[in-house]
Amino acid sequence: MSADMQKLIGANEEDDEEEIEMDVKEEDNEDHENGQKHIAAQMMLGADGVMPSTSHQFQIQQQLQEQVSTPGGGARRSRPLEEKERTKLRERHRRAITARILAGLRKHGNYNLRVRADINDVIAALAREAGWVVLPDGTTFPSRSQGSRPAGDSSAGLTSSSSQMLSQQVPPTSLQGVSSGYCASVEYNACHMKGVFMPTPAPYDLSSSGHSQSSGMVGNGGEQTESLPLIAGSMEVINEQIIGLPPKLPERDFAGTPYVPVYVMLPLGVVNMKCELVDPDGLLKQLRVLKSINVDGVMIDCWWGIVEADAPQEYNWNGYRRLFKMVHELKLKLQVVMSFHECGGNVGDDVCIPLPHWVAEIGRSNPDIFFTDREGRRNTECLSWGIDKERVLRGRTAVEVYFDFMRSFRVEFNEFFEDGIISMVEVGLGPCGELRYPSCPVKHGWRYPGIGEFQCYDQYMLKSLMKAAEMRGHSFWARGPDNAGSYSSHPHETGFFCDEGDYDGYYGRFFLNWYSQLLINHGDLVLSLAKLAFEGSCIAAKVSTGGTKHPVMLLN
């Protein structure tokens, strides 16, 4: 195997050396031809610009042959051997780099490149993968999917590509009806020809204005040069068909487009703290208006603080049942949100719905059930994830409380699930119903664009942090960062989040991994119980992106 590889490498090196020598010989031949042309021009014209006689021409021709045949002659310049060797080394080094690039692209990028590909093939392959159109002559421009080509760029591209194609494919002597001004400057407006250069789209060119090498010219006499597709016309045809505006897009047929249902969010306070409809008649009128404009359904929050407000596992669904019946009678559908957070204090909130009263009583005696910042300030917007598995809520854990609430809803409104009236259930996972930490509360002094603060200083989360640190063998890591700034700090103002700060150290990576994993575990645990409670129904969760938009993640 190794012997075969050595033979193959040796063969490749010999091929490279042969190509390098051929390149060097071609350069020498070009010098030789240029010298012959120069001497031939001197032979054709005398010093005074008069054509010499026949005998004089014969003498000059003999001198030319002697100079060419003589090694030290002035007509043919012999390149130094050292310069040739340097050229070979540079070419060999360039080919080695290109070979490594090609090998990596073939191995890791699945590029279909020829064996003798060069760097131009690599650039063309990368440009095509990025969505550009690369013609055989090297002309490159965006495809139709990236937008139409600007008029100025199109004309420039046409001029350059046309000049290259004409110089490569059609001999200048065979272009009949083309003025010399066109051949020199390749400017369409500077010539008076009637022949039109009309490109034929290449099979891989998706652009309507793309150029191709399969082109031709028609002269004044209508004589065809080469066996290429030809067309006669004026410059207006070129402006309209080649570099003009893109063709009008055909009208699209949306008959096969999947239907997208439309749901309207009902006001947050449509049900009061006694679980009664605030304005049944007004709500019915609004629902009828929505039905008249062909809305599919409505979305409503089922607040934990309203339904289970007075005592554990005592659920009052009266207001929601009446609302659901109204929706069902109008043949609308429902999307229901299991809201386990308090309403009020956030942007856009015009009502106040706190957590259940019995939970607030537990919080007064044990405030560690709420998220806590470094200064000891509590956030009562939702329960801390540190008690997800702690039986501190009258003998139940937090996730057990969430599950009992969801199971009660599923049993209470079973007929609406069976009839398909409830099409989706969104599960609240944190503040504002989102899977995130309450790190930026306005009531604690946060102002945009502050970085916020870590919410991990209740005793239950610190207990989890201590356990994680001991498992890593560094018990002194059981603490929150002491240089992470305040709610309205900027990253560069802190020692933890600044460039090359502590976040990238051993402790910083450990802490951030624990902090983020706690969030993921909470979402995974609650959603797994929701899937059990609403088996067979569509479940969704809201994930924060740091802005005002809140994408909804659908789960099977």
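Does anything in segment 389-425 have its amide N under 11 Å from the 7 Å Cα→Cβ label point of A540, and if so which residues?
Inside the label zone: 423-425.
Net charge around F534, counting only other residues with Cβ within less than 11 Å of its Cβ (Lys, Arg = +1; Asp, Glu = -1)?
+1
D for segment 266-555, whole µm²/s, Stokes-Einstein with Kirkwood Rh over alpha-carbon pairs at 37 °C and 0.692 mPa s: what number?
160
Could you check the spin-label model distance between A311 and C352? Points 7 Å from the Cα along Cα→Cβ, value in nm.
Taking the simple label geometry, A311 and C352 are separated by 2.7 nm.
For the pair S365 and H490, what calculated FRET efficiency results from E = 1/(1 + (r/R0)^6), where r is the Cβ-Cβ distance and R0 = 41 Å, to the nearest 0.05?
Efficiency computed from Cβ-Cβ geometry: 0.60.
Determine the share of segment 266-555's accessible area contributed by carbon and sulfur atoms, expressed in whole percent, with a 1.4 angstrom probe.
C and S fraction of accessible area: 51 percent.
Once you list every other residue whose beta carbon is under 13 Å from the beta carbon of F496, what net charge do they have if Lys and Arg are +1 and Asp and Glu are -1?
Net of charged neighbours comes to -4.
With contacts defined as alpha carbon pairs under 8 Å and 6 or more residues apart, what's the relative contact order of segment 266-555 in percent?
Here the relative contact order equals 17 percent.
Give the long-range amide H neighbours of V264: residues separated by 5 or more places, or on another chain, with amide H under 5 Å away, using H modelled in the peptide plane at 1.01 Å from N.
G297, V298, M299
Holding the Cα-Cα limit at 18 Å, pick out from K274/K333; K389/K467; K333/K531; K285/K325; K389/K463 the pairs that are longer than that.
Pairs exceeding 18 Å: K274/K333; K333/K531.
Sum up the charges of everything whose Cβ sits under 15 Å from the Cβ of E453, counting Lys and Arg as +1 and Asp and Glu as -1, but leave E453 out.
Net charge around E453: +1.
If each residue of separation counts as 0.36 nm, what is the full-extension length gain between E390 and L512 once their alpha-carbon separation is subtracted?
My answer for the length gained is 41.6 nm.
Find the accessible area per residue for segment 266-555; the probe is 1.4 Å, ligands and nucleic acids are left out, and the unit is Å².
With all protein chains present, segment 266-555 gives 48 Å² per residue.
Which of the peptides 270-277, 304-311, 122-129, 257-264 is most tightly packed, and how do the rest follow, judged by the mean count of other Cβ atoms within 10 Å per residue?
Most protected by this proxy first, the peptides run 304-311, 270-277, 122-129, 257-264.
Would you please give the FRET efficiency between L284 and R100, computed as 1/(1 + (r/R0)^6) with r the Cβ-Cβ distance and R0 = 56 Å, to the nearest 0.05?
Plugging the Cβ-Cβ distance into 1/(1 + (r/R0)^6) gives 0.15.
Calculate the FRET efficiency for H93 and D504 from the Cβ-Cβ distance with a Förster distance of 35 Å, rounded to the nearest 0.05.
0.40
The values are calculated or read from the model by the stated rules, or taken from the named source; none is laboratory data. Keep in mind the model is a prediction, meaning the values are calculated, not measured. FYI the Cβ positions are ideal-geometry reconstructions off the backbone, even for glycines, and counts take in every protein chain you see. Protein only, heavy atoms only, side chains kept; ligands, DNA and RNA dropped before computing areas. Shrake-Rupley method; radii C 1.70, N 1.55, O 1.52, S 1.80 Å.
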